[in-house]
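The block underneath contains the structure these notes are about, expressed in structure tokens.
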Amino acid sequence: MPKKINHEERQVMILKKALEIFARDGYKDSNLSTIAEECGLSRPTLYQYFRDKNEIYYYAVKLVTGKMFAHYSTMAWDTSFGNSIDRLIHICYDIVDQAVIYEGELQSLMDVMLQSKREHVDFSQIIMKRTAKLTILFKRLLNSGIKNGEVIPDCDIEMVSRHLFTLLEAFCFQIAFLGNFSSSDSKVFISTYLDFFRTDK
């Protein structure tokens, strides 16, 4: 009886190996033949999952962000995590923790982005599109907090959401490329910033 193939596991395996190859050989010089060979697959089998390199990278971003948003969308409205500011802090802490846990994968994604930019292949629109939901979630939580009297009424929701996203971006960059990242310091920074907008401070 032929072995049953878990297609989702195989996709993730291809993805991880492709990111390693992109980071090692450069996005421009990587090809599907190398990816197939290092995955132990034939090229036609690889084509059953991905048409080209761009699709592999897009799938990587989609996989990471899709799981993340499903998790945080649930967390955002779970009152067991506290009020809206507490939930925002909890989400930001979790993003930092996940970035630390998956430092290698994060570094590979960023390496590919930087290399592809030098080779005039720009993935920034894909990243922006896929991560826009996080900023929207921040805005909704802050707006809910104002309505519930948990967030100060003159809080600039647009600005605070942008600041949070930019902070998290900077932390992810530090985790991927700098050896002196302090998870605890980053969390203190996040909570100190968000505590300013509490009504119960």
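The values are calculated or read from the model by the stated rules, or taken from the named source; none is laboratory data. Everything quoted here is computed from the prediction, not taken from an experiment. With ideal geometry, Cβ positions are generated from the backbone for all residues, glycine too; neighbour counts draw on all protein chains shown. Remember, those area values only see protein heavy atoms, side chains included, never the ligands or the DNA or RNA. Shrake-Rupley method; radii C 1.70, N 1.55, O 1.52, S 1.80 Å.
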Note down the magnitude of the dipole of the chain about its Cα centre, charges +1 on Lys and Arg C-beta and -1 on Asp and Glu C-beta and zero elsewhere, to the nearest 20 debye.
620 debye
Across the stretch 15-93, how many lysine pairs separated by 8 or more positions, or lying on different chains, have Cα atoms within less than 14 Å?
4
Estimated FRET transfer efficiency (Tyr93, Lys117; beta-carbon r; R0 41 Å; 0.05):
0.85
Counting only protein heavy atoms, what percent of the accessible surface of the chain is carbon or sulfur at a 1.4 Å probe?
56 percent
On full extension of the chain, what length is gained from Met110 through Thr166, given 0.36 nm per residue of separation minus the C-alpha to C-alpha distance?
18.6 nm
When ranked by the protection proxy of mean other Cβ atoms within 10 Å per residue, highest first, what sequence do the peptides 95-104, 65-74 form?
95-104, 65-74
Could you compute the FRET efficiency for Asp52 and Asp156, with r as their C-beta to C-beta distance and R0 at 35 Å, rounded to 0.05?
0.25
So with the 1.4 Å probe, I'd like the accessible area per residue for the stretch 47-162, rounded to whole Å².
54 Å²
Which distance in Å, rounded to a whole number, links the C-alpha centroids of the stretch 136-178 and the stretch 3-67?
33 Å
